[in-house]
Amino acid sequence: MKQQLEEIMQRAKEKLSLVKEKSELEEIRLAFLGKKGELTAILKGMGALSAEERPKIGQIANQVREYIEEAIESKGIELSAKELEQKLKAEKVDVTMPSKKTMIGGRHPLSSVIEEISRIFIGMGYEIAEGPEVELDYYNFEALNTPKNHPARDAQDTFYFTENILLRSQTSPVQARVMQSQKPPIKIICPGKVYRADEIDATHSPVFHQIEGLVIDKGVTMGDLKGTLELFAKNIFGESTKIRLRPHHFPFTEPSCEVDVSCWSCGGEGCRTCKGEGWIEILGAGMVHPNVLKECGIDPEVYSGFAFGLGVERTAMGRFGIKDLRLFYENDLRFLKQF
Ligand code: PHE
């Protein structure tokens, strides 16, 4: 029996030396030490031994069991260490490898122009107002002295949801909204998107940006309008910039004008940018029509005011020397990276 035990130990030793995976250890434990294991079978047969031999063999059997248990345990520890080592090797991070560059975004040229213009007006004491892009016909036209079938609607054809709900064709509806909700003195600008049913080309887009301005107080004159716009033009296009007011018609201002600035390319000599004119039109303006003041609950006998609407794309094109407005919307990084 002693010999059998030694054999068992020997075989356990051999088997353990061949083990490569931790899962095999459990098989070996069962094969030797489990209920139906070899060592267990021997211990069961000990009853047949003499009283003298029993403790001796029992001692050896215990030693063999301890030996196998320990051997399995240390093999397990050895395999765990190997596994860990392999894992670490496989998951090694090369800290010398160049990292992926994260791209940092920049301001869109239209946003920076809007910001720049807003700053100029904030410096003159204006506040920023906002209004919805999905607008009522009432605010976009009706309240602005432009009833249904008024011919001025033709030039501002837009996108309609229903007969009375549309995408605003100008930022002017914000004038009416502000006048109906605030008491004079009023001094606001409103930058925002506007929409028109125009085909897209180098100078037109169905979506573009305007900045509306509105000042209402006692004794506001056309001279105030001119002075304000002059200051603005010099700030944005340079100190030597001149402005020129040409008579025009808008239903919601009287008198109305279009405002040109001396060409930013040639300074007024005449060149390709200004088509030989020396001047470039950038905005529409005028004194707020008494009908509009009345509609908005402001007494035109007491108060007067001016309003203007500036094209942002046009201003940005001048500011950066851009010839085609579509570049603003195409999101081509080669273009955007230049700002
Ligand atoms: N809303 C006008 C346009 O889009 C511009 C404008 C604004 C004119 C304010 C006068 C006063 O053409």
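Is at least one residue of the range 183-197 of a type in the set (A, V, I, L, M) and under 24 Å from Thr273 (Cα atoms)?
Checked against the condition, which is being of a type in the set (A, V, I, L, M) and under 24 Å from Thr273 (Cα atoms), the range 183-197 yields no hits at all.
Sort through Glu239, Glu269, Glu254 and tell me the only one that's charged (D, E, K, R) and within 16 Å of the ligand (Cβ to nearest atom).
After ruling out the rest, the residue left standing is Glu254.
Quickly run through the range 90-141 and pick out the residues that are among the aliphatic types (A, V, I, L, M) and surrounded by fewer than 12 Cβ atoms within 10 Å (Cβ to Cβ).
If the condition is that a residue be among the aliphatic types (A, V, I, L, M) and surrounded by fewer than 12 Cβ atoms within 10 Å (Cβ to Cβ), then Ala90, Val93, Val95, Met97, Met103, Ile104, Val134 are the ones that fit.
Out of the residues in the range 249-287 that are β-branched (Val, Ile, Thr) and touching a Cys at 6+ places or on another chain (Cβ under 9 Å), state the one that is modelled with the highest pLDDT.
Restricting to residues being β-branched (Val, Ile, Thr) and touching a Cys at 6+ places or on another chain (Cβ under 9 Å), the top hit is Ile280.
Please enumerate the residues belonging to the range 144-181 that are away from the ligand (no atom under 13 Å from the Cβ) and out of contact with any strand residue (DSSP E or B) (no Cβ under 8 Å at 6 or more places or on another chain).
Hits for the range 144-181 are Pro147, Lys148, Asn149, His150, Pro151, Thr162, Glu163, Arg177, Gln180, Ser181.
Here are some conditions: (1) buried (at least 17 other Cβ atoms within 10 Å of the Cβ); (2) free of Cβ contacts under 8 Å to residues at least 12 places away in the same chain. Ile57 meets all but one. Which one does it not meet?
In the conditions (1) buried (at least 17 other Cβ atoms within 10 Å of the Cβ); (2) free of Cβ contacts under 8 Å to residues at least 12 places away in the same chain, Ile57 misses (2) alone.
Could you list all residues from the range 76-132 that are within 30 Å of Ala176 (Cβ to Cβ) and not in a helix (DSSP H, G or I)?
Once the filter is applied, which keeps residues that are within 30 Å of Ala176 (Cβ to Cβ) and not in a helix (DSSP H, G or I), the range 76-132 yields His108, Met124, Gly125, Tyr126, Glu127, Ile128, Ala129, Glu130, Gly131, Pro132.
Of all residues in the range 272-291, which are within 16 Å of the ligand (Cβ to nearest atom) and in contact with a strand residue (DSSP E or B) (Cβ under 7 Å, 6 or more places away or on another chain)?
Selection gives Ile280, Glu281, Ile282, Leu283, Gly284, Ala285, Gly286, Met287, Val288, His289.
Residue check, Val259 against (1) in a strand (DSSP E or B); (2) closer than 22 Å to Phe141 by Cβ; (3) in contact with a helix residue (DSSP H, G or I) (Cβ under 8 Å, 6 or more places away or on another chain), all met but one. Which one?
(2)
Pairs only if they're at least six apart or on different chains, beta carbon under 7 angstrom, first in the range 211-235 and acidic (Asp, Glu), second in a helix (DSSP H, G or I) and surrounded by 22 or more Cβ atoms within 10 Å (Cβ to Cβ); list them, first residue then second.
Every condition considered, the pairs that remain are Glu212/Val174; Glu212/Gln175.
Note down all Cβ pairs under 6 Å where the first residue falls in the range 167-195 and is touching a residue at least 40 places away in the same chain (Cβ under 8 Å), the second is in a loop (DSSP other than H, G, I, E, B) and of a type in the set (Asp, Glu), and they're at least six residues apart or on different chains.
Listed by first residue and then by second, the contacts come to Lys193/Glu133.
The values are calculated or read from the model by the stated rules, or taken from the named source; none is laboratory data. This structure is a prediction, so every number in the text was calculated from the model and none was measured. Neighbour counts run over all protein chains shown; Cβ positions are idealised from the backbone, glycine included.
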